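Okay, so here's the structure we're looking at.
The values are calculated or read from the model by the stated rules, or taken from the named source; none is laboratory data. Worth saying up front: this structure is predicted, and the values here are computed from it rather than measured. Note that each Cβ is placed from the backbone with ideal geometry, even for glycine, and that neighbours are counted across all protein chains shown.
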Amino acid sequence: MPRFGRRWGSLLVVTTIVLFFIVSHKKVVPNVPTQFTTTTPICAPPPPWQPYEPPKNGAFSWRDVPVNYPVESLERIPFLGADPMPRVQYSFPRPSSRSEAIRKERQAAVKKTFQKAWNSYAAHAWRKDELAPISGGSKNTFGGWGATLVDNLDTLLIMEMHEEFEHAIEAVMDIDFSPESATKGIINMFEITIRYLGGLIAAYDLTECKDQRLLEMAVRLGDMIYTSYDTPNRMPITRWSPRKAASGKKQFAADNGILAEMSSSSLEFTRLSQLTGDMRWYDASSRIIKQMEDQVSKTKLEGLWPVGIDVAAPNLTPGSTFTFGSMADSAYEYLGKTYQLLRAASSTSMGNRYRNLYDMAMEAGIKHLLFRPKVPDNADILVATTVKANSPSSAQRDNSGEHLACFVGGMYALGGRLTSNEKHVEIGRKLTDGCIWLYKNSPNGIMPEKFTLFSCPSPTDCEWDRGDKDFYIGVNDKRYLLRPEAIESVFYLYRITGDPSLQEAAWDMFQAITNYTTTEYANAALKDVMKEDPPKEDSMESFWMAETLKYFYLIFSEPELISLDDFVFNTEAHPFRIPK
Ligand SMILES: *[C@@H]1O[C@H](CO)[C@@H](O)[C@H](O)[C@H]1NC(C)=O
């Protein structure tokens, strides 16, 4: 494989550093440390300082692959102002000893479920992407670098499984992100970013930036992911072949891409730049948010972007399908969260970009994407759906729902707190109540993957008029894939409102899910939750342990553990520390 080698690599690094200092010296920045240091609880101090570089230890380095389309100047993270953000978490009173006992018992049950799955993974699928929970086999589904291993480093720390963590990190240090090591063919870079990069960054943050091994691996992987942005206008190749890229051939982004895949790296990239002082990643995501901002008023529903987009151009305007659900989800989720991570004092323009787009998207969402379903007890709930529109006046909701869109409740509630918008917190509650309702009223206490509901004529005028007929018009996908989004929103709403009934709802969900998914080794996806005793599938994606069980554990933890005022979760439930 032809490479430019060390000379070009060092030239690039030197250029980057020089550029960095030219750019950074335009503004007076207090407390500029001269090298990478860590302090608690800030972890890394605010950049700029000399960018961190992983040690040269003979491992393949994506930095040495020649760059076809170099960046001329890097956008740098604005220095964070001192304005504190509004408080997110509820001020929990001292709990009674009885409620403490119940909480701890439930938390122990969640941990036990996690431990069993982890031990099976370690015994039967070590270093592979997934454990097959029925056969006890293994699968490589996300590059083959040990997705479950990396995805759960932070969960091991949160659950205080320190021995297992040490065992795991040794295996992680053996991961080789060379092109030859990747599974053959095209890799979904969105999944690599949220699971692996997110996992490494969060674990590093949870060690209070003391375990440099984690930063090293995050940066090695970050270098690889950054190579997938080496296109004429620096838009990412979201379905990417590491082998092809390493050959040095010119690369191009797709003209038929997906919104979420293009727009869901801002949190990981911002945090990685905060931690390393290396602005390449932050710069890469700032190019994307600028495009989203430039085009947000030109789409068929102002404030929202369609699911299908041309990443190469980039052109986000022609599509006519809009949703907060699959293929769009985290593009919206990351607006409020990146704003929080950047902790934008009102004067920082980049933080304002995310904030303004959050405001626009959530308002457009209220107008077009949320509906009140008609249900037998006339519950006052909301569901996030999908719309086809050629203009705002022609928008047609299809009143479909999906498990994946259950995260939307948490998104509105968190954003509502961050922007002091109580209306968004209330909407977040109704959306979360919608998911709780659908769990509770589905045959086995588990919501199916995709379904269609009856819509109320208006949010205030709603009377069930279908006798004892089913409230589902149809269930288009009857599986339960061990997904986290419902418990995720229940967790957010509990931490935000302090309502103890949400812990009860969580416990009902946990019991129903474990009741039907438990196997000899771990937990398995369900093929049909509408059937009695739902049949299982030999599949357990890494998010079962990394997200679903983590949120179950955290809703039964002390509310200060991973406080929403100190951490922001990426879309794979990896908590990143918010610099203060
Ligand atoms: C567990 O499953 C059994 C049937 O296998 C059912 O009777 C019981 O109600 C279930 N419990 C929960 C909490 O879902």
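What to note about this one:
- In region 380-397, of all residues being crowded, with 20+ Cβ neighbours inside 10 Å and small (G, A, S), the one that is farthest from the chain's Cα centre (by Cα) corresponds to A389.
- Scope region 516-545; condition closer than 23 Å to N476 by Cα, among the hydroxyl-bearing types (S, T, Y) and part of a loop (DSSP other than H, G, I, E, B); matching residues: S539
- The sole residue among G146, G136 that is small (G, A, S), under 30 Å from M235 (Cα atoms) and in contact (Cβ under 8 Å) with a residue 12 or more places away in the chain is G146.
- Contact annotation: residue pairs with Cβ atoms under 7 Å, 6 or more positions apart or on different chains, pairing a residue in region 401-427 that is in a helix (DSSP H, G or I) and crowded, with 19+ Cβ neighbours inside 10 Å with a partner that is modelled with pLDDT under 95 and not small (G, A, S), are R417/P86; L418/M85; L418/P86; L418/Y339; L418/Q340.
- Meets criteria (of a type in the set (F, W, Y) and in contact with a strand residue (DSSP E or B) (Cβ under 8 Å, 6 or more places away or on another chain)) for F142: yes
- Residue-level check: of (1) within 16 Å of the ligand (Cβ to nearest atom); (2) surrounded by fewer than 18 Cβ atoms within 10 Å (Cβ to Cβ), D538 misses just (1).
- Within region 476-502, tally of residues that are surrounded by 19 or more Cβ atoms within 10 Å (Cβ to Cβ) and either within 14 Å of the ligand (Cβ to nearest atom) or over 23 Å from the mean Cα position of the chain (by Cα) (or both): 1
- Test set (1) modelled with pLDDT under 95; (2) closer than 19 Å to T276 by Cβ - T227 fails condition number: (1)
- Hits in region 437-460 - residues which are touching a helix residue (DSSP H, G or I) at 6+ places or on another chain (Cβ under 6 Å), within 16 Å of the ligand (Cβ to nearest atom) and within 22 Å of R397 (Cβ to Cβ): M447
- Residue within region 179-187 that is touching a residue at least 24 places away in the same chain (Cβ under 8 Å), within 24 Å of the chain's Cα centre (by Cα) and crowded, with 18+ Cβ neighbours inside 10 Å present: yes
- The residue of region 343-365 that is modelled with the highest pLDDT, among those that are surrounded by fewer than 16 Cβ atoms within 10 Å (Cβ to Cβ) and part of a loop (DSSP other than H, G, I, E, B), is S347.
- Take the conditions (1) over 30 Å from E504 (Cβ atoms); (2) modelled with pLDDT under 95; (3) surrounded by fewer than 19 Cβ atoms within 10 Å (Cβ to Cβ); G137 misses just one of them, which is (2).
- Taking (1) surrounded by fewer than 22 Cβ atoms within 10 Å (Cβ to Cβ); (2) in contact (Cβ under 8 Å) with a residue 60 or more places away in the chain; (3) of a type outside the set (S, T, N, Q) in turn, G308 satisfies each apart from (2).
- Residue among E520, E541 that is out of contact with any Pro (no Cβ under 9 Å at 6 or more places or on another chain), of a type in the set (D, E) and at pLDDT 95 or above: E541
- The helices (runs of 4 or more DSSP H) found entirely in region 243-329 that carry 3 or more residues being at pLDDT 95 or above and more than 27 Å from V383 (Cα to Cα) are 266-276, 280-295.
- Candidates are the residues of region 503-531 that are among the β-branched types (V, I, T) and either away from the ligand (no atom under 16 Å from the Cβ) or closer than 23 Å to F451 by Cβ (or both); the one that is surrounded by the fewest Cβ atoms within 10 Å (Cβ to Cβ) is T514.
- Remark: pairs (first residue in region 444-457, under 8 Å from V475 (Cα atoms) and at pLDDT 95 or above; second residue within 16 Å of the ligand (Cβ to nearest atom) and part of a loop (DSSP other than H, G, I, E, B); Cβ separation under 8 Å; 6+ apart in sequence or on different chains) = P448/S442; P448/V529; P448/M530.
- Any hit, region 173-180, residues being at pLDDT 95 or above, farther than 28 Å from S247 by Cβ and not small (G, A, S): no
- Odd one out for D470, checked against (1) over 24 Å from the mean Cα position of the chain (by Cα); (2) under 29 Å from L418 (Cα atoms); (3) not small (G, A, S): (2)
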